[in-house]
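The values are calculated or read from the model by the stated rules, or taken from the named source; none is laboratory data. Remember, predicted model here, so these are calculated numbers, not experimental data. Ideal geometry is used to build each Cβ from the backbone, glycine not excepted, and the neighbour counts take in all protein chains shown.
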Number of protein chains: 2
Amino acid sequence: MKVVVLGADGYLGWPLSLRLLARGHDVIGVDNFVTRKNVKEVGSDSAIPIPAMKDRIKAAKDIHGFNMKFHEGDITDYEFLHKVMKEEKPDAVVHFAETRSAPYSMINAKHATYTLTNNISGTINLIYSMMETNPSAHVVKMGTMGEYGTPNFDIPESAYVDVEIKGRKDRITTPKFAGSWYHWSKVHDTNNILFANKVLKLTFTDIMQGPVYGTRTKEITDEKLHTRFDFDEVWGTVVNRFCVESVLGIPLTVYGSGQQVRGYLSLEDSVQALSLLIENPPEHGEYRVANQFVELLSINQIAETVQKAAKRLGIEVTIGKHENPRVEADRHHYNPEIKVLPGLGFKPKLKMADLTGQLIQDLVPYKEHMSRFHNRILPYTNWRKTENAR
Amino acid sequence: MKVVVLGADGYLGWPLSLRLLARGHDVIGVDNFVTRKNVKEVGSDSAIPIPAMKDRIKAAKDIHGFNMKFHEGDITDYEFLHKVMKEEKPDAVVHFAETRSAPYSMINAKHATYTLTNNISGTINLIYSMMETNPSAHVVKMGTMGEYGTPNFDIPESAYVDVEIKGRKDRITTPKFAGSWYHWSKVHDTNNILFANKVLKLTFTDIMQGPVYGTRTKEITDEKLHTRFDFDEVWGTVVNRFCVESVLGIPLTVYGSGQQVRGYLSLEDSVQALSLLIENPPEHGEYRVANQFVELLSINQIAETVQKAAKRLGIEVTIGKHENPRVEADRHHYNPEIKVLPGLGFKPKLKMADLTGQLIQDLVPYKEHMSRFHNRILPYTNWRKTENAR
């Protein structure tokens, strides 16, 4: 297949590109490198240094014999995206080219509007460029399990759900309630995609993915092939951040009661799941939702898992409790359906308890680099205060 | 009260400003005049010529003795809006400063992203500027009945609704499904406002208004005080467009079966309703939804009403049927709740059948001006085709 990967320089975009190349697909990467810039903006950096794209592509060629094509540009620039789509005419487009930090979106008005308008306009541009150049292609869009929030009902894996309201039946879009402007940008995207599916008959897989952790996939066999790894309070996600904290000797930063439950998966499992969804598209004109996670775990369970893995490596780390800077339910029902990926043959390879030891070991060589950003780990961005009003 | 009206140069913004001034309030208008520009962009113009803002303000002073303050600027510019809010510290902010055309938003990618990002970022900027300068003020936000679409349940007048999903009960946001990017921008706004209300405790009235028609309010007593009046296929709404068609001898442009039902109200009733909502704010920290319309009518009923009114004035007009360029249900349930406005003492003054005669008469003097834009009336913008792919 011919696959365009929008956001090919990112934490998932790079390993997925390698996996698709390893599976014999033609891969065309697109990125504007803005995540590298936005992470530096908040005074942080990838824990693991990553080469420039041209060096990554050369390393993939030298080490694995992969030929990856790449276009540098911003998909919020319609003419750029339209030109790429017209030139490449892919079978599938993977859309990871969105900014992806909840805390970043909550800093102030500028970061809120940037996150919302960047993500929404990129997706709208993709919709129109597909419609104008290649309406039969499959769009694989990265959403998030965070779109659902923590509802009291079992989260269905479908675009629509049947309900009864004041005695009358109807089919409504699956209810969502996000917890940050970033997560809302993904809800708005989902609504926009549903509308594009209805009116323009485009084909979508909208992936509701839980937080991903890990440093490796089968193809990441050399440090020149590493993917970025964020760990600060703005760009890092919880498991990866806890592993860095273990290496740096910082008590693990549990927010609130630690009883918040989410669905997690490893980088290897994410890349496996994504490949299955790309290689097994839905019917033409269909909108498919895929919930994507492996284990439902609470923050406390994760902290204990990381603590034990560190201990096995001779690292003693404590668990620190922080007032929750976010607005989220401490205790809640959480039971998301997951049928699409198992139906395609998805078999998770590793559980978190098996993987965190290796993850911590992979980080040890970068301890000095990470320690330079030590002061960017503790929670600072507060959901109820804007930076401008502090 | 001190009231800031964002979008004070618009079809509703100007008459509402006059009404608030007449009721003794301090009014500070804000506008960037972009609607004047965007209407010209599609080759059209207001049927009724309108003076420049400084001349409008002078006329309001000369004729009624009103003192209106005004700031020119764009609320998507955060520094501008923040400065105005900090300087004025109003009791209420009326937010009409959004682009408001469904067909305009469906022209192509550029117009879709403009409509979505302009509307969303203006509202986010308003949220943050209130939070930083004036968190206790009341934000009166113009939404649309179009946010609901045409559900099979009775449309509730509330932010949240109780449902049972797969045997479990929850309270969800009132389900919505819009029919254009413009209408989706308002759904996204509503979700963003609900989140701001939950996290930041700001006070909102979110108005779900049906299409407004008419040329007059009590204060519009002179042609220097006229409000704009759009009638082309992009910027005009159905009743106003039918009245212009009557004057120009164009068969009334009914789209599809004409059985689509919506809730309509006159300009005078809209201004009355808005004044009531402003003068009777909800509790601090509350999010209030107000459904705002007077009569539920089908397009066919409206066409017949306009045809009869024209006939009484000696104008014979026929009804023309057009393939529906939009994607919307032809026959559907439609039963929206309306309790908030009646609870505040709202009493509609005129029904459509009483008002359309006067409306047509008000347009007759501008027949020559309107006829210059004759070719911009028939439906052209098609929901299923982008302009770039025609």
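Before moving on, here are some points about what is shown:
- Extreme residue, farthest from the other protein chains (Cβ to nearest Cβ), among residues of the stretch B:143-191 that are touching a residue at least 40 places away in the same chain (Cβ under 8 Å) and aliphatic (A, V, I, L, M): B:Met145
- Wholly enclosed helices (runs of 4 or more DSSP H) of the stretch B:1-65 bearing at least 2 residues without any contact (Cβ under 8 Å) to a residue 24 or more places away in the chain: B:34-41, B:53-64
- Qualifying residue in the stretch A:111-133 (condition: outside any helix (DSSP H, G or I) and more than 9 Å from chain B (Cβ to nearest Cβ)): no
- Checked against the criteria, A:Tyr366 counts as away from chain B (no Cβ under 14 Å), of a type outside the set (S, T, N, Q), touching a residue at least 40 places away in the same chain (Cβ under 8 Å) and farther than 22 Å from A:Ala102 by Cα.
- Hits in the stretch A:300-351 (condition: closer than 24 Å to A:Glu157 by Cβ and among the β-branched types (Val, Ile, Thr)): A:Ile302, A:Ile338, A:Val340
- Matching residues, the stretch A:318-355, being of a type in the set (A, V, I, L, M, F, W, C) and within 28 Å of A:Trp383 (Cα to Cα): A:Ile319, A:Val327, A:Ala329
- Here B:Leu274, B:Leu252, B:Leu194 are screened, and the one residue that is more than 13 Å from the chain's Cα centre (by Cα) and away from chain A (no Cβ under 14 Å) is B:Leu252.
- Check on B:Leu225, at pLDDT below 95 and of a type outside the set (Lys, Arg): no
- Residue among A:Ile319, A:Ile338 that alone is closer than 28 Å to B:Arg168 by Cα, touching a strand residue (DSSP E or B) at 6+ places or on another chain (Cβ under 8 Å) and among the aliphatic types (A, V, I, L, M): A:Ile338
- Taking the conditions (1) surrounded by fewer than 24 Cβ atoms within 10 Å (Cβ to Cβ); (2) more than 14 Å from chain B (Cβ to nearest Cβ) in turn, A:Phe231 satisfies each one other than (1).
- Residue in the stretch B:271-288 that is closer than 17 Å to B:Pro211 by Cβ and of a type in the set (Lys, Arg) present: no
- Scanning the stretch A:142-162 for residues that are surrounded by 22 or more Cβ atoms within 10 Å (Cβ to Cβ) and part of a strand (DSSP E or B) returns A:Met142, A:Gly143, A:Thr144.
- B:Val39 being at pLDDT 95 or above and under 23 Å from B:Ser129 (Cα atoms): no
- With respect to the conditions (1) farther than 19 Å from A:Asp26 by Cβ; (2) under 19 Å from the mean Cα position of the chain (by Cα); (3) not basic (Lys, Arg), A:Phe96 falls short on a single one, namely (1).
- Of the residues B:Val238, B:Val244, the single one that is within 30 Å of B:Gln307 (Cα to Cα), out of contact with any strand residue (DSSP E or B) (no Cβ under 6 Å at 6 or more places or on another chain) and surrounded by 24 or more Cβ atoms within 10 Å (Cβ to Cβ) is B:Val244.
- Residue match in the stretch A:374-385 (condition: aliphatic (A, V, I, L, M) and out of contact with any helix residue (DSSP H, G or I) (no Cβ under 9 Å at 6 or more places or on another chain)): yes
- Qualifying residue in the stretch A:262-272 (condition: in a loop (DSSP other than H, G, I, E, B), surrounded by fewer than 23 Cβ atoms within 10 Å (Cβ to Cβ), acidic (Asp, Glu) and in contact (Cβ under 8 Å) with a residue 24 or more places away in the chain): no
- Checking A:Val93 against (1) within 8 Å of another protein chain (Cβ to nearest Cβ); (2) assigned to a strand (DSSP E or B); (3) within 25 Å of B:Glu387 (Cα to Cα), the condition it does not meet: (1)
- Filtering the stretch B:283-331 to residues that are within 25 Å of the chain's Cα centre (by Cα) and of a type in the set (Lys, Arg) leaves B:Arg288, B:Arg326, B:Arg331.
- The single condition among (1) touching a residue at least 12 places away in the same chain (Cβ under 8 Å); (2) within 14 Å of chain A (Cβ to nearest Cβ); (3) within 21 Å of B:Glu132 (Cβ to Cβ) that B:Phe204 does not satisfy is (2).
- Check on A:Thr381, β-branched (Val, Ile, Thr), within 14 Å of chain B (Cβ to nearest Cβ), surrounded by 19 or more Cβ atoms within 10 Å (Cβ to Cβ) and in contact (Cβ under 8 Å) with a residue 60 or more places away in the chain: yes
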